[in-house]
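The values are calculated or read from the model by the stated rules, or taken from the named source; none is laboratory data. Worth saying up front: this structure is predicted, and the values here are computed from it rather than measured. Glycine also receives a Cβ, built like all others from the backbone with ideal geometry; neighbour counts cover every protein chain displayed. For accessibility, only protein heavy atoms count, side chains too; no ligands or nucleic acids. Shrake-Rupley method; radii C 1.70, N 1.55, O 1.52, S 1.80 Å.
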Amino acid sequence: MTMTKTKGEPFFTKDPSFYKTLFGMLVVVALQNLVAYSVNMADNIMLGSYSQDSLSAASTVNQVFFMVQQFALSIGNALVVLAAQYWGQGRPEPVRTLTGIALKLGIIISVVLVAVCAIFPRPLLYLFTDSPQIVEEGVRYLSLIQWTFALFILSNVLMAALRSVGTVNISFYISVVSLIVNVAINYTLIFGKFGFPEMGILGAAVGTLTARVLEFLIVLIYILKFDKKTQLFTGGGLWKRDPALRQDYTRVYIPIMCSQVLWGISVPMQTAILGHLSADAIAANSVATTFYQYLKVVVIAMSSVSAVMIGNAIGRGDRKRIKSDARSMAVIDVAIGLALGIALFLLRGPLLSMYSLTEAATSMAMNLILVMSVVMVGMSYQMPVSFGIIQGGGDTDFTMKMNLISTWCIVMPLSFLAAFWWKLPVEAVVLVIQSDQIFKGLPTFLRFRKYQWMKKLTKE
């Protein structure tokens, strides 16, 4: 496949500073995502060794938190789309105002989410499980975890503001602190170590709450004392009323939010499909997905970095440079996907040797990792290009429409048919569930090569 370019225009960007910035940000954001994912893994391991009911309850509550994440990501991603363009123009004042708009929205959504969790905890958890014992344990966990939702959303908004101006190191440091604090408190309070009471699942909740408080305080202190770019709390711009900017933000936010939330709803449904298959299938998918998710952090990082860099480039207004930057990143995406897919395939044996699975589950996991290796290549292209370059370039409607059609009109119906009507092998069901990561590559490529996604969203 070839990508169109005008005569005299370089296919790739030749500026070394572009690649230095790209890979510098990519490494830091990928490490941040890896550490953040490790926090959840550590929670699961410790609760799993303490009590199966505790692990199940925490996993159930995490389904609620997963939806909170989708709202947090949509607020932050919408902020990056607009703020990165203003920063590319060298205009920090609109960045501050937009951050204030995003923070206000974050506060409103946080209040609604916490209120729902506080007033309807049991009905909420019964959406994800029919076990009264797990629900009661989950209610205890949710009673503390619900207060982390607001902190998580607001911290993510502030970090999105910093990311839009190219400041990413602080996010990595925050994730490391969060991991250390969370693991230390969890170990101490779940099992009752060092003279502290044995609190079980409530100990895990205390650890998570403490980590979220620290995350918020660290990013707040950094912005107040050390941030020289955005200077969010300087001159009152953060809380400035600007109806035009608010309207622009709303127009960008709504399609991003719809895309994130509708996709977020589909994930537990896909998990439920596999959960109704055999015990070996559940175990094999759990193991294969763990390895896949660890490598996926690189792809998610590339999406975040692409959005920032394309937004900055559009703000600067050099269309030729925007095109060559985008083409360079798209080719790098394919190279990253091939590297990750090959790595996942080659490491499948050593990785599976760490688990005690039945022979049937081990064989199934080997096959699933082969499927995931292929899926990884497709995802590594379509996700950074659609969510990073196209959405980051200002075309938010395309990603919403593509994900709505692919998830709810194609993948979900076919997944149900594959699992319960056609009764296909587990490997085929997983391939159907993950198939959108491959076939979305074609519409993404066609949209990308037209360059209609380059939209200047700033106002003079």
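For the range 45-72, give me each residue that is within 26 Å of LEU262 (Cα to Cα) and of a type in the set (S, T, N, Q). Of everything in the range 45-72, those that are within 26 Å of LEU262 (Cα to Cα) and of a type in the set (S, T, N, Q) turn out to be SER56, SER59, THR60, ASN62, GLN63, GLN69, GLN70. When every residue of the range 272-290 is checked against the conditions, at least one turns out to be free of Cβ contacts under 8 Å to residues at least 40 places away in the same chain and under 20 Å from the mean Cα position of the chain (by Cα).
Being more than 29 Å from PRO384 (Cβ to Cβ) and small (Gly, Ala, Ser) is the filter here; which residues of the range 350-372 pass it? Before you say what the answer is, go through the steps one by one.
Residues of the range 350-372 more than 29 Å from PRO384 (Cβ to Cβ): 353-364.
Within the range 350-372, SER353, SER356, ALA360, ALA361, SER363 meet the criteria.
Is it the case that some residue within the range 225-233 is of a type outside the set (Ser, Thr, Tyr), assigned to a helix (DSSP H, G or I), crowded, with 21+ Cβ neighbours inside 10 Å and in contact with a Lys or Arg (Cβ under 7 Å, 6 or more places away or on another chain)? No, the conditions are met nowhere in the range 225-233.
The rows are residues; the columns are (1) part of a loop (DSSP other than H, G, I, E, B); (2) more than 15 Å from SER54 (Cβ to Cβ); (3) touching a Lys or Arg at 6+ places or on another chain (Cβ under 7 Å).
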residue: PRO123; (1), (2), (3): no, yes, no
residue: SER143; (1), (2), (3): no, no, no
residue: THR148; (1), (2), (3): no, yes, yes
residue: ILE180; (1), (2), (3): no, yes, no
residue: LEU189; (1), (2), (3): no, no, no
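Go over the candidates SER155, SER131 one by one and state the one that is among the small types (Gly, Ala, Ser) and surrounded by fewer than 22 Cβ atoms within 10 Å (Cβ to Cβ). Only one candidate passes the filter, namely SER131. Can you find even one residue in the range 273-292 that is at pLDDT 85 or above and open to solvent by less than 70 Å² (accessible area, probe 1.4 Å)? Yes, the range 273-292 contains a residue that is at pLDDT 85 or above and open to solvent by less than 70 Å² (accessible area, probe 1.4 Å). Of the residues VAL308, VAL219, the single one that is among the hydrophobic types (A, V, I, L, M, F, W, C), more than 16 Å from the chain's Cα centre (by Cα) and open to solvent by less than 10 Å² (accessible area, probe 1.4 Å) is VAL219. Scan the range 367-376 and tell me whether some residue there is in contact with an Asp or Glu (Cβ under 9 Å, 6 or more places away or on another chain), under 14 Å from ILE438 (Cβ atoms) and among the hydroxyl-bearing types (Ser, Thr, Tyr). Scanning the range 367-376, I find no residue that is in contact with an Asp or Glu (Cβ under 9 Å, 6 or more places away or on another chain), under 14 Å from ILE438 (Cβ atoms) and among the hydroxyl-bearing types (Ser, Thr, Tyr), so the answer is no. In this entry, VAL213 is excluded by the filter for residues that are in contact (Cβ under 8 Å) with a residue 12 or more places away in the chain, in contact with an Asp or Glu (Cβ under 9 Å, 6 or more places away or on another chain) and open to solvent by 50 Å² or more (accessible area, probe 1.4 Å). Scanning the range 79-112 for residues that are modelled with pLDDT under 95, surrounded by fewer than 24 Cβ atoms within 10 Å (Cβ to Cβ) and either on the phi > 0 side of the Ramachandran plot or of a type in the set (A, V, I, L, M, F, W, C) (or both) returns a single hit, GLY90. On inspection, ALA42 fails the criterion of being crowded, with 20+ Cβ neighbours inside 10 Å and in contact with a helix residue (DSSP H, G or I) (Cβ under 8 Å, 6 or more places away or on another chain). Every residue in the range 172-187 that is open to solvent by less than 10 Å² (accessible area, probe 1.4 Å) and either touching a strand residue (DSSP E or B) at 6+ places or on another chain (Cβ under 7 Å) or not hydrophobic (A, V, I, L, M, F, W, C) (or both), please. Matches in the range 172-187: SER178, ASN182, ASN186.
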